[in-house]
1. Would a scan of the range 54-70 turn up a residue that is at pLDDT 95 or above, in a loop (DSSP other than H, G, I, E, B) and either surrounded by 15 or more Cβ atoms within 10 Å (Cβ to Cβ) or touching a strand residue (DSSP E or B) at 6+ places or on another chain (Cβ under 7 Å) (or both)?
2. Is it the case that some residue within the range 88-107 is over 22 Å from Ala19 (Cα atoms), in a helix (DSSP H, G or I) and touching a helix residue (DSSP H, G or I) at 6+ places or on another chain (Cβ under 9 Å)?
3. Has the range 53-76 got at least one residue that is of a type in the set (Ser, Thr, Tyr), farther than 13 Å from Gln110 by Cα, in contact with a helix residue (DSSP H, G or I) (Cβ under 6 Å, 6 or more places away or on another chain) and touching a residue at least 40 places away in the same chain (Cβ under 8 Å)?
4. Touching a residue at least 60 places away in the same chain (Cβ under 8 Å), more than 10 Å from the chain's Cα centre (by Cα), under 15 Å from Ala7 (Cα atoms) and buried (at least 19 other Cβ atoms within 10 Å of the Cβ): which single residue out of Leu99, Leu88, Leu118 fits that description?
5. Answer yes if at least one residue in the range 30-41 is of a type in the set (Ser, Thr, Tyr), out of contact with any helix residue (DSSP H, G or I) (no Cβ under 6 Å at 6 or more places or on another chain) and touching a residue at least 12 places away in the same chain (Cβ under 8 Å), and no otherwise.
6. Within the range 106-121, does at least one residue satisfy the condition of being in contact with a Ser or Thr (Cβ under 9 Å, 6 or more places away or on another chain) and more than 19 Å from Leu29 (Cβ to Cβ)?
7. I need the full set of residues from the range 34-58 which are of a type in the set (Asp, Glu) and more than 18 Å from Leu76 (Cβ to Cβ), in order please.
8. It is to be established whether one or more residues within the range 99-110 are basic (Lys, Arg) and within 20 Å of Ala11 (Cβ to Cβ).
Amino acid sequence: MAAAHPAVRVAHVRDGRPATGTAVLVDRLWPRGQSKAAAPWDVWLRDVAPSTDLRRWYGHDPDRHAEFVRRYRAELGGGEQAAALARLRALLAAGPLTLMTASRDLALSQAAVLADLLGADA
């Protein structure tokens, strides 16, 4: 994996609002127990998340991570996901970006894949 862009950070939704930049929720599903009024992100970009089928297949199984990354990157190449990825790139061009997720293991999350991909663009 490429080094993440220094202006891209990955955080858990429970970490709270980042001190600087734009915070983006990159999960397809709204995090359990999170009220909309207290959401610590600025934008919910659900279309950049993995498809429901891919998310269910993966299940954050470490043994499936490499294949998940390959399939997810392929998904990001077209349709609504490609448009959402372009929006993330535009947000990053405007300043620091925090990719937020409710995933328990940040290193195995789609947010980490996105951070790596954005870092490769730099």
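1. no
2. no
3. No, the range 53-76 contains no residue that is of a type in the set (Ser, Thr, Tyr), farther than 13 Å from Gln110 by Cα, in contact with a helix residue (DSSP H, G or I) (Cβ under 6 Å, 6 or more places away or on another chain) and touching a residue at least 40 places away in the same chain (Cβ under 8 Å).
4. Only one candidate passes the filter, namely Leu118.
5. Checked against the condition, which is being of a type in the set (Ser, Thr, Tyr), out of contact with any helix residue (DSSP H, G or I) (no Cβ under 6 Å at 6 or more places or on another chain) and touching a residue at least 12 places away in the same chain (Cβ under 8 Å), the range 30-41 yields no hits at all.
6. no
7. Asp42, the sole residue that qualifies.
8. Yes, the range 99-110 contains a residue that is basic (Lys, Arg) and within 20 Å of Ala11 (Cβ to Cβ).
The values are calculated or read from the model by the stated rules, or taken from the named source; none is laboratory data. Because the structure is predicted, anything quoted here is derived from the model rather than measured. No Cβ is skipped: glycine too gets one built from the backbone with ideal geometry, and neighbour counts run over all protein chains shown.
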